[in-house]
Amino acid sequence: MNCKLHTIRILFFLLIAQFSFGQTESELKENGDKLFEKEQYVDATPIYLQLLSLNPKNADYNFRYGTCLLYNSFHKSKAIRYLSYAVKQPNIDVRAFYFYGKSLHLNYQFKEAIQFYSTYLSKRVKKDKRYNVEREIEMCKNGQKLLVTFTDIVVKNKKEIDQSKFFRLYDNMETVGGEILVSEEFQSKMDKKKGHVPILHFPPNAKAIYYSSYGNGDNKDIYVRRRLPNGKWGEPQLLPGQVNTQEDEDFPFLHSSGDFLFFSSKGHNSMGGYDIFMSTFDPNTNSFGKPENVDFAISSPDDDLFYVVDKTFQNAYFASARQSENGKLHVYNVRVARVPIREVIIMGDFLSEINPENKKCLSM
């Protein structure tokens, strides 16, 4: 009986292999490259994995597979291995230097990331502006400074969900107050043109609503609308103070105390993508002051969105792309209390599986 089962399993895997490798290598490459150039990296991932199984030392396959891993859940650190190999090969696609820098950036290796971002800048065609590399270098420098105060958080729960639905996992709003809404009522003409529908926190008996909008410009800012004596909402006003930058701001949340505004921003001293910031209300100027990055480990080199904290500052929600597949987010329910990372003495030799050439050990 066991022998028959073993034979059936072998036949099953042979059929799978025959189906998977029915295409020629050139056909697989053509299909993979089409998806890659459309930035459909998740769909392209299994194709380049097949190509690598056929030719493990192919520099282009390593470059493209490593890049695809940057957009897959829990596999972002694995990208370093393949991209590291690719950038050492002659005549490699110049984009490999950018994505290798990106892989280092996402894995907190800011100094090394700057080196490869800079290499990409020196090698790319000058008219190629598809990646905002200069800003990403600035973000790495921000990360180097923020890394000094690295802390950890206590994660009570986390779930992955489609990016368009992430706010539905903020399921304990009783302790926060109000509700989270998607509102077309607050859209500007530019929002409608760009397909941006604000996600906002609507507190009970709200006298003011804070939300993101393109307004009449090309980047998102935080706006406020105040309730009028007749119960209707007033005209949108750009939030006064120091919250908005030339980069995108989004997902504002005003704490129930009215003293603290949390929001996501690609500006200020973000270390990569959207970071979470907090700005304190100044009653003397009736505006919000200079924002502070909430720091590790809420902010990361990837997108971190919509920090919502309860009335007692004990529990919070936020969403992050740091371990998420492209088009999805993990929603974290965390304790607000922060835990300092302690230095650890390791006896013996340290070997990094992410980057064997890195001899430095950093507790993460």
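The values are calculated or read from the model by the stated rules, or taken from the named source; none is laboratory data. Please read these numbers as outputs of a predicted model, since none were measured by experiment. No Cβ is skipped: glycine too gets one built from the backbone with ideal geometry, and neighbour counts run over all protein chains shown.
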Please give the number of the condition residue 335 fails out of (1) among the charged types (D, E, K, R); (2) at pLDDT 85 or above; (3) closer than 22 Å to residue 136 by Cα. (3)
Options 279, 300, 270; residue that is in contact with a Lys or Arg (Cβ under 8 Å, 6 or more places away or on another chain), among the small types (Gly, Ala, Ser), assigned to a loop (DSSP other than H, G, I, E, B) and at pLDDT 90 or above: 300
Is it the case that region 170-178 has a residue that's over 30 Å from residue 121 (Cβ atoms) and within 16 Å of the chain's Cα centre (by Cα)? no
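Matching residues to (1) among the aromatic types (Phe, Trp, Tyr); (2) within 30 Å of residue 161 (Cβ to Cβ); (3) not assigned by TED's automatic domain parsing to the domain that holds residue 330:
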position: 38; (1), (2), (3): no, yes, yes
position: 48; (1), (2), (3): yes, yes, yes
position: 51; (1), (2), (3): no, no, yes
position: 55; (1), (2), (3): no, no, yes
position: 58; (1), (2), (3): no, no, yes
position: 74; (1), (2), (3): yes, yes, yes
When you scan region 177-189, do you find a residue that is touching a helix residue (DSSP H, G or I) at 6+ places or on another chain (Cβ under 7 Å) and within 27 Å of residue 322 (Cβ to Cβ), even just one? yes
How many residues, within region 287-297, are of a type outside the set (A, V, I, L, M) and either at pLDDT below 90 or crowded, with 22+ Cβ neighbours inside 10 Å (or both)? 4
Which one is surrounded by the fewest Cβ atoms within 10 Å (Cβ to Cβ) among residues in region 173-207 that are touching an Asp or Glu at 6+ places or on another chain (Cβ under 7 Å) and within 15 Å of residue 317 (Cα to Cα)? 175
Given (1) over 26 Å from residue 44 (Cα atoms); (2) under 15 Å from the mean Cα position of the chain (by Cα), where does residue 106 come up short, assuming only one miss? (1)
Across region 133-158, what is the number of residues that are in contact with an Asp or Glu (Cβ under 6 Å, 6 or more places away or on another chain) and among the acidic types (Asp, Glu)? 0
Can you name the condition, by its number, that residue 75 falls short on among (1) in contact (Cβ under 8 Å) with a residue 12 or more places away in the chain; (2) surrounded by fewer than 19 Cβ atoms within 10 Å (Cβ to Cβ); (3) not charged (D, E, K, R)? (1)
Go through region 307-340 and report how many residues are outside any strand (DSSP E or B) and either more than 18 Å from the chain's Cα centre (by Cα) or not assigned by TED's automatic domain parsing to the domain that holds residue 211 (or both). 5
Take residue 169 and tell me if it is touching a helix residue (DSSP H, G or I) at 6+ places or on another chain (Cβ under 9 Å) and not aromatic (Phe, Trp, Tyr). no
Hits in region 123-133 - residues which are assigned to a helix (DSSP H, G or I) and within 18 Å of the chain's Cα centre (by Cα): 133
